[in-house]
1. Considering LEU173, LEU147, LEU157, which residue is closer than 17 Å to ASP256 by Cβ and free of Cβ contacts under 8 Å to residues at least 40 places away in the same chain?
2. Can you name every one of the helices (runs of 4 or more DSSP H) wholly within the range 47-126 that holds 3 or more residues which are touching a strand residue (DSSP E or B) at 6+ places or on another chain (Cβ under 8 Å)?
3. Residues to consider are LEU63, LEU88, LEU68; find the one that is of a type in the set (A, V, I, L, M), within 19 Å of the chain's Cα centre (by Cα) and modelled with pLDDT under 95.
4. Residues that are touching a strand residue (DSSP E or B) at 6+ places or on another chain (Cβ under 7 Å) and of a type in the set (D, E, K, R), at least 1 per element: which strands (runs of 3 or more DSSP E) completely within the range 136-219 meet that?
5. Could you check the range 15-37 and list, in sequence order, the residues that are free of Cβ contacts under 8 Å to residues at least 40 places away in the same chain and surrounded by 14 or more Cβ atoms within 10 Å (Cβ to Cβ)?
6. Can you pull out the residues in the range 1-46 that are under 15 Å from ARG69 (Cβ atoms), in contact with a strand residue (DSSP E or B) (Cβ under 7 Å, 6 or more places away or on another chain) and hydroxyl-bearing (Ser, Thr, Tyr)?
7. Please count how many residues of the range 224-249 are surrounded by 13 or more Cβ atoms within 10 Å (Cβ to Cβ) and not in a strand (DSSP E or B).
Amino acid sequence: MLTLGGVDGGRAATVSDALPGALAGTTPIALGFTPAPDEVVPEGTAVVIATSGSSGIPKRVVLSAAALRASAEATAARIGTGQWMLALPAAYIAGVQVIGRSQLAGYEPVLLEERFAPDAFVRATEGLRTDVDRFTSFVPAQLQTLLDAADDDERVLDALRSYRAILIGGQALPDSVRGRAVDTGVRIVRTYGSSETAGGCVYDGVPLEGVRLAEVDGEIRIAGPHLATGYLGDAALTAATFVSDNDGIRWYRTGDAGTVAEGRLRITGRLDNVIVSGGINVSLDRVERVVRSIRGLEQAVVVGVPDERWGEASVVFAPGADAANRLDDVRERVADEIGRHARPVRIQIMPELPLLASGKPDREALRRLARG
């Protein structure tokens, strides 16, 4: 067993300095929490990442150096190698992987440690080498921010176009934003994965080399050398989440609903992100995808609330004053594509949506606001 060391995940440079030893499997680091002085982890562990994922339940995911390396090698085989620019929090798996991929390729990553904004992105991009391929990773809201800025600033557009690939993950990418990126010549790759899979393991619907997908009773399961060891200090959750089949293959139960057809993955939502409205099950993920297809509502978030008449209903949270006048459009579009039972009851406007440190919407905070 190895002693787990704490690292200030809020400082990307500190994480970058500690990661080589972690990737060697000799000095494991804790990110997102402070380990006990005598806390130990299995030999070969690289990082333990605190995350609540999509469930909102705090977990500490144990990832081995072998899993991180397998993930980085599979990514390189798919999109190439080069220097990476970090624009995500270093304490989350997506940030760890950006740093690790660059270091394993032999290049120090460029770290964007100031507040994310178009000017900061341009400056960080200018710090990358010009003689090797460039890569970075964003959440959808970051990409939209840069595309909006690129409409009026050629520097932002040139910087975006300079990357061989920009990975987009963390949440679903609205089709309208994807279309804008393609139309402007920005090379994006949509990724799917989690901390338990060492980050993205499915790119544009196709699993990376060594990754296996299965659909069991509507749930997507994943197998491969990149899977986490389990959850630190929670043997019961580990046993429930990582299961072995009759052939001895170890699978991760994602909790996501979806299909696997002809080797391609399609996620339809979270199995637990469903409300019952008027006796009919409504997938809030599906409602959210429809709402985000409307121009000006690409960053909208849909959450469930109790409803005296229907039992449960949904509320749309969106930034920007103009969104307040879009309720009729939203209800009509949702009714056309899903059904009248799925129509949101209202739109709540906020100057900025609350975010988790990972850049994802803080859905639990929005649920409290909607119910409060």
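The values are calculated or read from the model by the stated rules, or taken from the named source; none is laboratory data. Quantities reported herein were computed from a predicted structural model and do not represent experimental measurements. Neighbour counts are summed over all protein chains in view; Cβ atoms, including those assigned to glycine, are modelled from backbone coordinates with ideal geometry.
1. Details: LEU147 fails: closer than 17 Å to ASP256 by Cβ; LEU157 fails: closer than 17 Å to ASP256 by Cβ.
Of the residues listed, the single one that is closer than 17 Å to ASP256 by Cβ and free of Cβ contacts under 8 Å to residues at least 40 places away in the same chain is LEU173.
2. On the way: elements: 65-79, 93-104, 118-126.
Result: 65-79, 93-104.
3. On the way: LEU63 fails: modelled with pLDDT under 95; LEU68 fails: modelled with pLDDT under 95.
Going through LEU63, LEU88, LEU68 in turn, just one is of a type in the set (A, V, I, L, M), within 19 Å of the chain's Cα centre (by Cα) and modelled with pLDDT under 95: LEU88.
4. Values: elements: 165-168, 188-194, 199-203, 212-216.
Correct list: 188-194, 212-216.
5. Pass one, the range 15-37, residues free of Cβ contacts under 8 Å to residues at least 40 places away in the same chain: 17-18, 21, 26-30, 33-37.
Passing the criteria: ALA18, GLY21, THR26, THR27, PRO28, ILE29, ALA30, PHE33, PRO35.
6. Result: THR45, single match.
7. First pass over the range 224-249, keeping only residues surrounded by 13 or more Cβ atoms within 10 Å (Cβ to Cβ): 224-234, 237-238, 241-243, 249.
This time we only want the ones that are not in a strand (DSSP E or B), so: 224-229, 232-234, 237-238, 241, 249.
Matching residues across the range 224-249 total 13.
For every residue, the table says whether it meets (1) at pLDDT 90 or above; (2) closer than 16 Å to ALA335 by Cβ.
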position: VAL260; (1), (2): yes, no
position: ARG266; (1), (2): yes, no
position: LEU271; (1), (2): no, no
position: SER283; (1), (2): no, yes
position: SER293; (1), (2): yes, yes
position: ALA300; (1), (2): yes, no
position: GLY304; (1), (2): yes, no
position: GLU312; (1), (2): no, no
